[in-house]
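Report on the following structure.
The values are calculated or read from the model by the stated rules, or taken from the named source; none is laboratory data. Remember, it's a predicted structure, so these values are computed and weren't measured experimentally. Note that each Cβ is placed from the backbone with ideal geometry, even for glycine, and that neighbours are counted across all protein chains shown. Surface accessibility is based on the protein's heavy atoms, side chains included, excluding ligands, DNA and RNA. Shrake-Rupley method; radii C 1.70, N 1.55, O 1.52, S 1.80 Å.
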Amino acid sequence: MQFTDTHKFDKPAATVIKMFSDKAYFERKYKELGFKNVEVLEHTVDAKKFRIKVRYSAPNSAPLPDFAKKFLADMNVITQSDAWDLEKKTGRLEAEIKGVPVKVSADMKLSDAGGGSANTLKWDLSCGIPFIGGKLEEFVGSDIKAKGKADAAKS
């Protein structure tokens, strides 16, 4: 399953990329989103590159359908890595949901837009389980979209 999501900001891309390369921003954002047990596992930054790997527990944004209860908990442990090329303002996000057989990634592009900026995320979700894999991808995708709106509002 693939989809595109765009988060808009009222600041220029040069300002937003500084925020996206700040460890404290990620810690604050995840806590404000109500995520629990937020732990920075890795963090590197220099003039050209930024990378952060964070583990946290996050609730599902909607009640779980019966088929998904076998794979998803009410509160899921997620390990997310964000890597940015600070000069090009391009990045990659990868997330692993503990116990969930769905691969989650997004290519990101931050650009100036309409007096502010926009981060365009091209998501790719895949699950190799026959019959229910597509439904699981759809559920995880809808959860990402719901959390994405809250995420953009906290930035």
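Odds and ends about this structure:
- Qualifying residue in the stretch 3-17 (condition: farther than 18 Å from Gly148 by Cβ and in contact with a Leu (Cβ under 8 Å, 6 or more places away or on another chain)): yes
- Residue satisfying all of: in the stretch 48-76; under 18 Å from Met19 (Cβ atoms) and open to solvent by 90 Å² or more (accessible area, probe 1.4 Å); farthest from the chain's Cα centre (by Cα) among these: Lys48
- Output for the stretch 103-112, where each listed residue is open to solvent by less than 50 Å² (accessible area, probe 1.4 Å) and either in contact (Cβ under 8 Å) with a residue 40 or more places away in the chain or out of contact with any Gly (no Cβ under 8 Å at 6 or more places or on another chain) (or both): Val104, Ser105, Ala106, Leu110, Ser111
- Counted residues, the stretch 3-50 - those being assigned to a helix (DSSP H, G or I) and not charged (D, E, K, R): 11
- All positions within the stretch 65-82 that are in contact with a Leu (Cβ under 8 Å, 6 or more places away or on another chain), farther than 21 Å from Gly134 by Cα and not acidic (Asp, Glu): Thr79, Gln80, Ser81
- Residue match in the stretch 14-34 (condition: in contact with a Pro (Cβ under 9 Å, 6 or more places away or on another chain) and open to solvent by 40 Å² or more (accessible area, probe 1.4 Å)): no
- For beta carbons closer than 6 Å, sequence separation of 6+ or different chains, a first residue in the stretch 1-13 that is modelled with pLDDT of 95 or more and a second that is among the charged types (D, E, K, R) and not in a strand (DSSP E or B), the qualifying pairs are Ala13/Lys89.
- Among the residues examined, Ser61 qualifies as among the polar types (S, T, N, Q), in a loop (DSSP other than H, G, I, E, B) and modelled with pLDDT under 95.
- Residue within the stretch 122-135 that is open to solvent by 20 Å² or more (accessible area, probe 1.4 Å), charged (D, E, K, R) and at pLDDT below 90 present: yes
- Qualifying positions in the stretch 35-47 - at pLDDT below 95 and open to solvent by less than 40 Å² (accessible area, probe 1.4 Å): Phe35
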